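Heads up: the structure comes next, in structure tokens.
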Amino acid sequence: MFNSSAVHKLSLMAPKPQRFRQFAESTMLAAAAKKPRTLTTNAADSEPNTMKDAFSKYASYLNDLVLFRCAQQNEKRERVVKTSRDITMNSKKVIFQVHRISKHNKEEVLEKAEKDLAAVMDQHISRLVKELQGTDFWKLRRAYSPGVQEYVEAATLCNFCKNGTLLDLDEINASLRTLSDSTVEPLQINVLDYLLGIADLTGELMRLAIGRISDGELEFAQKICRFVREIYRELTLIAPKMDDSYDMKTKMDVMLQSVIKVENACFSVHVRGSEYIPFLGSEDTSFSLLGVLDDE
């Protein structure tokens with residue numbers, strides 16, 4: 001029989017593949033004999049990670065924002081622009097209705113104008129509110145701003161002719177809240193769009209004052225003059241401090257022209273009224289009222 005030394009020599013004399021196989025088998029047996037290691041966690045590690053949750057929400061919001069800015073945003077923007085045009089067109093109809101006012105039909109004209117204004121709210125602004133629900137409506141402000149400004153102009157013109165006061169922003173936004181679902185943020189007109197609408201209001205008041213002078217309502221025209229002058233004075237203090245005020249600066253120049261026209265008309269009647277009283281209400285189209293050019 002072979003002794004141990006002989007066996008060891010024979011093992012060394014074995015081919016290399018057999019020696020590698022023996023080494024691998026012995027290594028696997030040793031690994032299997034070891035107990036598996038487990039990772040222990042503390043109680044604090046098992047608590048929710050608030051920072052991780054917060055960043056997960058941010059990531060989800062940004063992902064939704066990217067999707068919104070793609071095809072869906074373009075389709076929504078087109079619908080919002082179309083709705084804004086409808087609001088603009090129907091608000092202008094309300095303004096034209098107010099300009100039919102005279103000392104003989106004031107109540108009738110204002111009642112019809114208020115009904116038309118309510119129809120603009122129910123049929124068109126309500127559609128805009130529904131279109132913007134579930135989104136951050138300020139992102140599409142440029143798309144619907146023209147319609148909102150025209151609505152503000154029509155609503156404030158009706159209110160002035162009826163009550164002699166300026167309809168403020170809070171009152172307009174309060175009426176918009178009734179159109180929104182209580183579970184979502186309601187559409188609210190921002191200060192810039194409101195002031196831009198007020199700037200346009202002065203031009204319509206100038207036309208209204210000229211019409212009232214021609215109809216013999218001198219006191220009403222003077223009231224309009226004081227009102228327009230006060231609006232212009234207040235906006236000259238606000239406009240330089242407004243963000244994104246390029247449109248407002250442009251409208252301030254037009255507003256000043258409207259104020260000057262109203263003041264000149266009222267001044268001419270006050271100083272030289274006897275020269276113009278016989279022509280008030282005249283149907284002679286060749287007559288240039290109070291020195292104001294016909295194309296103005």
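Here N159 meets the list (1) more than 21 Å from C266 (Cβ to Cβ); (2) touching a residue at least 24 places away in the same chain (Cβ under 8 Å); (3) outside the structural domain of D247 (by TED's automatic domain parsing) almost entirely, failing just condition (2). Hey, does the range 133-143 have a residue that's among the acidic types (D, E), within 15 Å of the chain's Cα centre (by Cα) and at pLDDT below 95? Yes, the range 133-143 has at least one match. Selection of the range 141-181 for residues being more than 26 Å from M206 (Cβ to Cβ) and surrounded by fewer than 20 Cβ atoms within 10 Å (Cβ to Cβ) yields R141, R142, D170, N173, A174, S175, L176, R177, T178, L179, S180, D181. Just one residue in the set V98, V184 is of a type in the set (V, I, T) and surrounded by fewer than 19 Cβ atoms within 10 Å (Cβ to Cβ); that residue is V184. Counting only helices (runs of 4 or more DSSP H) that fall entirely inside the range 94-186 and contain at least 3 residues that are closer than 14 Å to V80 by Cα, the qualifying elements are 126-132, 141-163.
Within the range 187-226, track down each residue that is in a loop (DSSP other than H, G, I, E, B) and within 22 Å of A118 (Cα to Cα). Working first, answer last.
Going through the range 187-226, the residues in a loop (DSSP other than H, G, I, E, B) turn out to be 187-190, 215-217.
The answer is L187, Q188, I189, N190.
The values are calculated or read from the model by the stated rules, or taken from the named source; none is laboratory data. What you see is a predicted model, and the numbers here were worked out from it, not measured in a lab. Cβ sites come from the backbone with ideal geometry, for glycine too, and all protein chains shown count toward neighbours.
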